[in-house]
Amino acid sequence: MAFRTASTSRFAVLLLLVAASRSADAAFSPALSTAARSSAPGNSLPFVTPRKCESGGGRWLSSVVGMAGHPGGSAAMADAPPATGFIDTELRGAAMRLHTRKQAPKEGQAEEKAPRSAEPYVTKHEDYLAFLVDSQAVYQAFEDVVEQLPEMAPFRNTGLERTGPLEIDIEFMVKEYGLERPEVGPMGAGYAEEIRRIANEGTVPELMCHYYNHYFAHTAGGRMIGKRMAALLLNKKTLEFYKVHFTSHLWNH
């Protein structure tokens, strides 16, 4: 069944705008430094990878409304009907398996980790630069597949494009702090490859799930991470990555 991108693109972008004003959790953190990314169990990707989304009559995207609040929060309506869609069942379940009871009191399933005896890790300029380089690789993949697939045409030239701003930020970090530009790490490269694979298979609903989750994270919780890193490392300088200027044509779809 055809995926109705044009009829749903305005809705998706509106959700992104709403997300920009909320302090939601981010998809991955600058703390995944050059050392940290290689020490992750099995070099696993720090992203939830959803399976096939429902594509009947645009029903899959209507379920995304439930993501406007944090999965462990209490904003859900008491009289809401039983959850049946992919977002409210499989994706929510996967998210709750990554949350502890402290993070999500009602549904968290992950075990609480014992407090570390050592001093907490302090993020360095090298870590933040690695995060920016990985982010650019992932956003390059998203921007490439948006150009590749005709169904994604409404998401071209929206102002959400991040590879250009990230290049400015990477060059700034290298020059300002005398750093060597790192190679893309296994997590960034692996996730970028996954996005291209999904696009090449033509499963647009599944791709849109990744697109929404990734852009949601960086326009919400990711902005809070940027603010904290700016205070910690950059003398409160706001990077270009976090400056988004939407284009007016978004509202014509």
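The values are calculated or read from the model by the stated rules, or taken from the named source; none is laboratory data. Treat the numbers as computed from the prediction; the structure is a model and nothing was measured. Note that we place each Cβ from the backbone using ideal geometry, even for glycine, and neighbour counts take in every protein chain shown. SASA here: full protein model, heavy atoms, side chains in, ligands and nucleic acids out. Shrake-Rupley method; radii C 1.70, N 1.55, O 1.52, S 1.80 Å.
Scanning segment 66-85 for residues that are closer than 22 Å to Ala220 by Cα and either of a type outside the set (Ser, Thr, Tyr) or at pLDDT 60 or above (or both) yields Gly66, Met67, Ala68, Gly69, His70, Pro71, Gly72, Gly73, Ala75, Ala76. Within the option set Asn157, Asn213, being in contact with a Ser or Thr (Cβ under 9 Å, 6 or more places away or on another chain) and closer than 26 Å to His245 by Cβ holds for one residue only, Asn157. Which one is least open to solvent (accessible area, probe 1.4 Å), of the residues in segment 164-186 that are aliphatic (A, V, I, L, M) and not in a helix (DSSP H, G or I)? Only one residue fits best here, namely Leu179. Where residues in segment 221-252 are at pLDDT below 85 and among the aromatic types (Phe, Trp, Tyr), which of them is farthest from Leu166 (Cα to Cα)? Within segment 221-252, the match that is farthest from Leu166 (Cα to Cα) is Trp251. In summary, Leu98 fulfils each of the numbered conditions (1) among the aliphatic types (A, V, I, L, M); (2) modelled with pLDDT of 95 or more; (3) under 18 Å from the mean Cα position of the chain (by Cα); (4) surrounded by fewer than 18 Cβ atoms within 10 Å (Cβ to Cβ) with the single exception of condition (2).
When Gly222 is tested against (1) touching a residue at least 60 places away in the same chain (Cβ under 8 Å); (2) assigned to a loop (DSSP other than H, G, I, E, B), just one condition goes unmet, and that condition is (2). Under the condition of being touching a helix residue (DSSP H, G or I) at 6+ places or on another chain (Cβ under 8 Å) and under 26 Å from Lys237 (Cα atoms), the residues counted in segment 173-193 number 11.
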